[in-house]
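Note sheet for the following structure.
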Amino acid sequence: MMRCRFLPAVLLALAVGAVPAVSEPADGLPGSAGLADPPPLELDLKTAVELALVSNRDIESAYLGRVTQEYGLRVAEDQFRPDLTINADRSTGRSGDPLNRVEVDSTTMNPTLSLLVPTGGRVLFTWANRRDASSAGATQYRSGLDLSFVQPLLSGGGVSVTRAPLRLARINERSNVLTLKSTINSTITQVITAYRNLLLQERRFEIVERSLARAKTLLETNRAMIEAGRMARQDIVQTEADVSQRELDFVVAQNTLDSARLALLDILDIDPETRFRLTDTLRLEDIGDLEFESAYAVALANRPNYLQALLQTEVAEINLRLAKNRRLWRLDANLTASLGGDSDAGYRSAFRDLEDDPGDYRAGLQLTVPFGDLSLKQGVISARVAQRRQALSLEELRETLRIDIQDQVRSIKNLREQVDLAERAAELAAQQLDVEKLKLAQGRSTNFQVLNLEDQLISAQIGEVSAEVNYLNALTRLDEALGTTMDTWGVPFEVRRYAPEAVLRDRADWETRQ
């Protein structure tokens, strides 16, 4: 797989399934004598789409963003797993006068296990160990077990409230995946549009080139007619001017063709010096009877921004529930239990001494009543307003989507009719020009009439190709509007490319896709 803006021609050939043959180095350049340019690479539309998926930098950047996004979900899912922390301390000191100085050395090590339960309660278990050594006496060891449990009963309590951050993280992850899909759909659409635009400019260049050839042929015919005395010498000026204009059109068409080629290369993010030959043609597919209601239903089920709006509606509901919960009084149930043992024979002896400790056990309630805190009311007001605004936004999006799909369906049907009319117009223009040339050869027409019909033929032929491209691009835009671009082109959806663990250990192979 490759992903590099300046991709060597040989590697690009491997990507598109064509390996250029490299000949012997040419004379004149050190180290490359006789090196011939590789032949143009054959590139069809399907391959162009596949190449963009592995080389386009916007897509690559989106996949890099997925590394942090995915790990954010892991962090949220980790909240109900136990956390272990170890606190250790070592201190030394001296006290007393110079004749009776006492040196003290203290060491503590307290492993603590913390666990959040789905009801909102938190369990803390600590194993406290302490060693006190004094120059004035024996070394004392203490080992103790402390267990506490705090369960919010009002504010901060309840399964729905406790699991809300996890639900929000999962919703955010689904939204991030939809954003990635939207980026891929948009890039595919850009590639397809750029590819067809290059096809259009190639056809336009061919039309202009043929037109220039016909103009030069007509000029030779006029010269022959002047020599035969069948045309006045001043009448050839118009034909000569037409040839000059066709030559200018040829240069402009060539420049436009080069710009279209570079535009496609820019989207593919490959070497701008790459030369290729487009193998696809403008194939008009029969899509049958395109119904608006069925297309609209597909859009509601697949369009990423609409699905994201549905997710944001759920987020607004969760935020309102949390804001209401924060306004409640704080009532916590507390349970604690402690056991301790002392010994001068080491930690093991102190730990065994726990059996003789009756322990300290407590249970209680703690109530906190907030008064005058307007921020709590503000939170509920803001959440209610946000929920209502999200509902209005969803309704507006649904209506906009309906109008957009309806307009695109109507436009596609109209553009299909334009294609048929443009094809017929091009055929008639070609026939009309042929008839007029025969009349000119018989002396029954003029250069002006022939050149005028030549302009009409060029316009009709370019109009035919433009109509075909516009129609096909309209189908592609409808695909993106429905959210089915990847399905249409058979592109498998890859949720991630890089593992967070590899990034953490600095072992991510960023170059594997180049």
In segment 249-287, which residues are modelled with pLDDT of 85 or more, more than 26 Å from Asn56 (Cα to Cα), surrounded by 12 or more Cβ atoms within 10 Å (Cβ to Cβ) and not acidic (Asp, Glu)? Phe250, Val252, Ala253, Gln254
Identify all residues within segment 221-251 that are closer than 18 Å to Gln456 by Cα and among the hydroxyl-bearing types (Ser, Thr, Tyr); write none if there are none. Thr239, Ser244
Output the qualifying pairs, or none if there are none: Cβ atoms under 9 angstrom, residues six or more apart or on different chains, first residue in segment 355-383 and at negative phi and touching a residue at least 60 places away in the same chain (Cβ under 8 Å), second residue assigned to a loop (DSSP other than H, G, I, E, B) and charged (D, E, K, R). Val380/Arg327
Considering every residue within segment 185-199, establish whether at least one is more than 19 Å from the chain's Cα centre (by Cα), under 22 Å from Ser459 (Cα atoms) and without any contact (Cβ under 8 Å) to a residue 40 or more places away in the chain. no
Of Ser393, Ser382, Ser466, the only residue that is out of contact with any strand residue (DSSP E or B) (no Cβ under 6 Å at 6 or more places or on another chain), among the hydroxyl-bearing types (Ser, Thr, Tyr) and buried (at least 16 other Cβ atoms within 10 Å of the Cβ) is Ser466
Which of the residues spanning segment 479-501 are within 22 Å of Asp44 (Cβ to Cβ), in contact with a Ser or Thr (Cβ under 9 Å, 6 or more places away or on another chain) and not in a loop (DSSP other than H, G, I, E, B)? Asp479, Glu480, Thr485, Thr488
Can you tell me which condition Leu374 does not meet? The list is (1) more than 25 Å from Tyr141 (Cα to Cα); (2) surrounded by 11 or more Cβ atoms within 10 Å (Cβ to Cβ), and all the others hold. (2)
Enumeration of residues in segment 245-280 that are of a type outside the set (Val, Ile, Thr), part of a helix (DSSP H, G or I) and within 27 Å of the chain's Cα centre (by Cα): Ser259, Ala260, Arg261, Leu262, Ala263, Leu264, Leu265, Asp266, Leu268
From the residues in segment 135-181 that are among the charged types (D, E, K, R) and outside any loop (DSSP other than H, G, I, E, B), which one is farthest from Gly120 (Cα to Cα)? Lys181
What is the number of the single condition among (1) at pLDDT below 90; (2) in contact with an Asp or Glu (Cβ under 6 Å, 6 or more places away or on another chain); (3) within 29 Å of Asn414 (Cβ to Cβ) that Ser445 does not meet? (3)
From Val409, Val385, Val369, Val380, which residue is at pLDDT 90 or above, in contact with a Phe, Trp or Tyr (Cβ under 6 Å, 6 or more places away or on another chain), β-branched (Val, Ile, Thr) and under 30 Å from Asn319 (Cβ atoms)? Val369
Could you figure out which of (1) in contact with a Phe, Trp or Tyr (Cβ under 6 Å, 6 or more places away or on another chain); (2) touching a residue at least 40 places away in the same chain (Cβ under 8 Å) isn't true of Leu212? (2)
The residue that is surrounded by the fewest Cβ atoms within 10 Å (Cβ to Cβ), considering only those in segment 51-93 that are of a type in the set (Gly, Ala, Ser) and part of a helix (DSSP H, G or I), is Ser61
Does Thr446 qualify as being farther than 30 Å from Ala215 by Cβ and of a type in the set (S, T, N, Q)? no
In segment 215-231, residues that are in a helix (DSSP H, G or I) and surrounded by fewer than 19 Cβ atoms within 10 Å (Cβ to Cβ) total 10
Condition broken by Leu300, with the remaining ones in (1) touching a strand residue (DSSP E or B) at 6+ places or on another chain (Cβ under 9 Å); (2) over 27 Å from Arg203 (Cα atoms); (3) of a type outside the set (D, E, K, R) satisfied: (1)
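The values are calculated or read from the model by the stated rules, or taken from the named source; none is laboratory data. Predicted, not measured: the structure shown is a model, and the values here were computed from it. Virtual Cβ from ideal backbone geometry, glycine too; neighbours counted across all protein chains shown.
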